[in-house]
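Below you'll find the structure, written out as structure tokens, and then a few comments.
The values are calculated or read from the model by the stated rules, or taken from the named source; none is laboratory data. Just so it is clear, the model here is predicted, and its values are computed rather than measured. As a convention, Cβ positions derive from the backbone with ideal geometry for all residues, glycine included, and neighbour counts pool all protein chains shown. Keep in mind that these areas ignore ligands, DNA and RNA; they rest on the heavy atoms of the full protein, side chains included. Shrake-Rupley method; radii C 1.70, N 1.55, O 1.52, S 1.80 Å.
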Amino acid sequence: MKKLINWLLNPPVTGESTIIIIRLMAGTVFFWEGILKFVYVNQGVGRFTKLGFAFPETTAHIIATGEIIGGLLLIFGLFTRITAFYFIIQMTVAVLSTKIDLFLGTSPLPLPPAPPKMGIWAVLHEIRSDYAQILTCLFLVIAGPGRRSLDFIISTAKKLYSMDAK
């Protein structure tokens, strides 16, 4: 367990500077989706109510707050690996709680506006952004935040400080 925690807390920070593009893509999507959950009831509390979540108002607000804060953390590259791992779990729950019913044609949410409306093709079409976000976060978990990140600045500051202390 210690190895896993150490691995999560010490991501590689020497990756390409261009990883910032991936962080910006994923972070901004999570950030604005979190805001939408507060602004539009059908995206937040209403959606969680239709899906049958316990305490839908509390759940929606917790998820929205996590998306806003986590999105900002990804954008700035702070706690990148932990945040990306959290989002993989969140997106997996989102897919399982919405797409199984879509496959079966029993979704409490509105069906897609155009065919296919249910079945595997409907799921594959509707899952595209979830799939992209999951894989993007998986990339960030593996590759780390890159050099243009607060994680990099903190990591190099620790090394410089420890060299000065000797």
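Residue 135 versus residue 96, label points 7 Å from Cα toward the beta carbon: distance in nm?
2.2
Of all accessible surface on the stretch 1-132 at a 1.4 Å probe, what whole percent is carbon and sulfur?
Carbon with sulfur: 74 percent of the solvent-accessible area.
List the relative contact order of the stretch 26-105 as a percent without decimals, with contacts defined as Cα pairs under 8 Å and 6+ residues apart.
32
Accessible area per residue, 1.4 Å probe, Å², for the stretch 75-122: what's the number?
56
State to the nearest 20 debye the size of the charge dipole of the chain about its Cα centre, where the only charges are +1 on K and R beta carbons and -1 on D and E beta carbons.
The dipole of the chain has a size of about 440 debye.
With an 8 Å cut-off on Cα pairs and a minimum separation of 6 or more residues, tell me the relative contact order of the chain in percent.
33
Go through the stretch 69-81 residue by residue and turn each phi into a ³J(HN,Hα) via Karplus (6.51, -1.76, 1.60, θ = phi - 60°); whole Hz please, and just put x for glycine and proline.
For the stretch 69-81, the Karplus-derived couplings read 5, x, x, 5, 4, 5, 4, 7, x, 10, 6, 4, 5 Hz, x marking Gly and Pro.
Any chance you could list P(r) for the stretch 34-121, counting all Cα-Cα pairs in 5 angstrom bins from zero, rounded to whole %?
P(r) over the stretch 34-121, rounded to whole percents: 3, 13, 20, 21, 17, 14, 8, 3, 0.
If you look for lysine pairs in the chain that are eight or more places apart or on different chains, how many of them have Cα atoms under 22 Å apart?
Pairs that pass both the separation and distance tests number 10.
Can you tell me how much longer the chain between residue 5 and residue 58 gets when fully stretched, taken as 0.36 nm per residue apart minus their C-alpha distance, in nm with one decimal?
Using 0.36 nm per residue and subtracting the Cα-Cα distance, I get 16.2 nm.
Once you compute Rg and the Kirkwood Rh from C-alpha atoms, what is the Rg to Rh ratio for the stretch 107-155?
My calculation of the ratio gives 1.29.
If you keep only loop residues by DSSP, which trypsin sites (Lys or Arg not before Pro) in the stretch 32-129 have at most 16 other Cβ atoms within 10 Å of their Cβ?
Hits after loop and neighbour filter: 117.
If you build the Cα gyration tensor of the chain and take the root of 5 times each eigenvalue, what three semi-axes come out, in whole angstrom, biggest first?
Values for the chain, descending: 35, 16, 14 Å.
In whole Hz and in residue order, list the ³J(HN,Hα) couplings for the stretch 35-49 that follow from phi through the Karplus curve 6.51 cos²θ - 1.76 cosθ + 1.60, θ = phi - 60°; x for Gly and Pro.
Working through the residues one at a time gives 4, 4, 5, 7, 6, 10, 4, 5, 8, x, 4, x, 5, 5, 5 Hz.
Determine the calculated [θ] at 222 nm for the chain from helices alone, applying -39500 (n - 2.57) to every DSSP H run no shorter than 4 residues and normalising by the residue count; nearest 500 deg cm²/dmol.
One gets -23500 deg cm²/dmol as the mean residue ellipticity at 222 nm.
With a Förster radius of 35 Å, plug the Cβ-Cβ distance of residue 142 and residue 41 into 1/(1 + (r/R0)^6) and report the FRET value to the nearest 0.05.
Approximately 0.45, to the nearest 0.05.
Expressed as a whole percent, how much of the Cα-Cα distance distribution for the stretch 1-50 exceeds 13 Å?
71
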